[in-house]
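K.L.:
I have a structure here, written as structure tokens, and I will follow up with some questions on it.
Where a number appears in this text, it was derived from the coordinates with a stated rule and is not lab data. Just so we're clear, the structure is a prediction, and the values are computed from it rather than from any experiment. All Cβ positions, glycine included, derive from the backbone under ideal geometry; neighbour counts span all protein chains shown.
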Amino acid sequence: MKVIEHLKKAKGTLLSFEILPPLKGKDIRSIYQGIDPLMEFRPSFINVTYHREEVIYKERGHGLLQKVRVRKRPGTIGICSTIKAKYDVDTVPHLICGGFSREETEDALIEMNFLGIDNVLALRGDAVKNEQHFIPERDGHAYAEGLIRQIALLNKGQYLHEEEEEAAPTDLCIGAACYPEKHSEALNLSTDIAYLKRKVDAGAEYLVTQMFFDNAKYFAFVDRCRAEGISIPIIPGIKPLTTPRHIQFIPKTFHVDLPDDLAKALIACKTKEDVRRVGVEWSTAQARELKERGVPCIHFYTMGRSEAVRKILERVW
Ligand code: FAD
């Protein structure tokens, strides 16, 4: 079922999880181990991220360097299909512009449709490591807006090269990303929301936010989006901090602020367990307030770690 149908039918706040494909060489059991402890909370859908190749340079002697492209976490669509079949839960593969030509994008969408997947989260992706800016493929999309447009056209039966009568339309529900604290490259929140509106006009049917640690920022962002004419559901995404490494890694990687009270509590932590406790308590309070205020769904970034999310859900769900 489509995410948008889940949201329309919902009588209260829904729940969704986001997971990562395992590192290359691991098998599907590592995914099951991450999901099994969470399934009793009956998520409406599970997202699986997409990881672009990384560029590495290998020494080849005589001062020569060989440029090699490596994908560490392949398998997004296959994992979605397997989870859907095993747990009878809807899945949302992430699809990015980076590294994809329009033809390759179409192939991926055909595969999703063929496997009975009803949803896709359409993203641009980040710049490859070692590159300053995002560079699209020669025939690829420069922004998520273009990707959304391509999916919307495919949903009308407009393939890149086929005659209409030869290929049936797909029927994929399109989600897109948004950033309550603005995207790192955006000039300011106003321009970011203006581009967000273009994604919605192109065919995005719902939005999922970047993680945030201050609910007030989410509510203010939703208000601004509504004022700019964005009326589709905006699903808040939250992530419990679980290790001391997160304290540096999360603000730097996801360009989000930690509120003063959370920062103070984390600085006062003496052990890993203290950090985990503070992280879980903070996200529990966030989830409780979001649920009380009737958000359409809470999306948990599990990053393959179910323990902390389970603790939160035991208290809130
Ligand atoms: P866009 O919407 O294209 O925006 C990118 C930037 O360009 C923004 O600054 C925006 O203001 C600006 N912009 C947008 N449209 C235009 C336009 N038409 N003209 C000029 N400027 C424009 N990354 C992954 O690699 N894999 C994942 O699985 C993944 N999952 C994610 C899930 C969520 C919920 C979120 C919030 C992010 C995810 N990301 C993922 C990260 C995402 O790919 C990066 O944040 C990326 O830098 C931006 O993607 P976007 O789709 O928001 O880009």
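K.L.:
For region 282-287, just list the computed ³J(HN,Hα) in residue order, Karplus coefficients 6.51, -1.76 and 1.60, θ = phi - 60°, integers in Hz, with x standing in for Gly and Pro.
P.N.:
5, 5, 4, 5, 4, 4
K.L.:
A further question follows. Could you work out [θ]222 nm for the chain from helices alone, using -39500 (n - 2.57) per DSSP H run of at least four and dividing by all its residues? Round to the nearest 500 deg cm²/dmol.
P.N.:
-12500 deg cm²/dmol
K.L.:
Sticking with this one: Treating only the Cβ of Lys, Arg, Asp and Glu as charged (+1, +1, -1, -1), what charge dipole size does the chain show about its Cα centre? Round to the nearest 20 debye.
P.N.:
With Lys and Arg at +1 and Asp and Glu at -1, about 1360 debye.
K.L.:
Follow-up. Under the definition of Cα pairs under 8 Å and six or more residues apart, what whole-number percent is the relative contact order of the chain?
P.N.:
Result for the chain is 19 percent.
K.L.:
Spelling out what I want: for every residue of region 148-162, take phi, set θ = phi - 60°, compute 6.51 cos²θ - 1.76 cosθ + 1.60 (Karplus), and round to whole Hz; glycine and proline get x.
P.N.:
Coupling constants for region 148-162: 4, 4, 5, 5, 4, 5, 5, 5, 9, x, 8, 7, 5, 10, 7 Hz.
K.L.:
Among Ser306, Ser231, Ser101, which comes first, second and so on when ranked by fewest other beta-carbon atoms within 10 Å?
P.N.:
Ser231, Ser101, Ser306
K.L.:
If you don't mind, there's one more thing I want to ask. Of Phe45, Phe254, Phe300, which has the largest mean-square fluctuation in a 10 Å C-alpha GNM of the chain?
P.N.:
The residue that fluctuates most here is Phe254.
K.L.:
Next up: By counting other Cβ atoms within 10 Å of each Cβ, how are Val55, Val278, Val309 ranked from fewest to most?
P.N.:
Val55, Val278, Val309
K.L.:
Follow-up question, since we're still on this one. Quick one: 3J(HN,Hα) in Hz for region 171-177, Karplus 6.51/-1.76/1.60 with θ = phi - 60°, rounded, Gly and Pro as x.
P.N.:
9, 9, 7, 9, x, 9, 8
K.L.:
In what order do Met39, Met211 fall by count of nearby beta-carbon atoms within 10 Å, going from fewest to most?
P.N.:
The most exposed by this proxy come first: Met39, Met211.
K.L.:
Considering only Glu111, Glu281, Glu131, give the residue with the highest GNM mean-square fluctuation for the chain, with springs between Cα atoms whenever their separation is below 10 Å.
P.N.:
Of the options given, Glu131 has the highest mean-square fluctuation.
K.L.:
Additional query: If you count, for each residue, the other Cβ atoms within 10 Å and average over each peptide, how do 170-177, 10-17 line up from highest to lowest?
P.N.:
Per-residue Cβ counts within 10 Å, averaged per peptide and sorted highest first, yield 170-177, 10-17.
K.L.:
Cβ under 11 Å from Ile232's Cβ, Ile232 left aside: what net charge do those residues give with Lys, Arg +1 and Asp, Glu -1?
P.N.:
That works out to +1.
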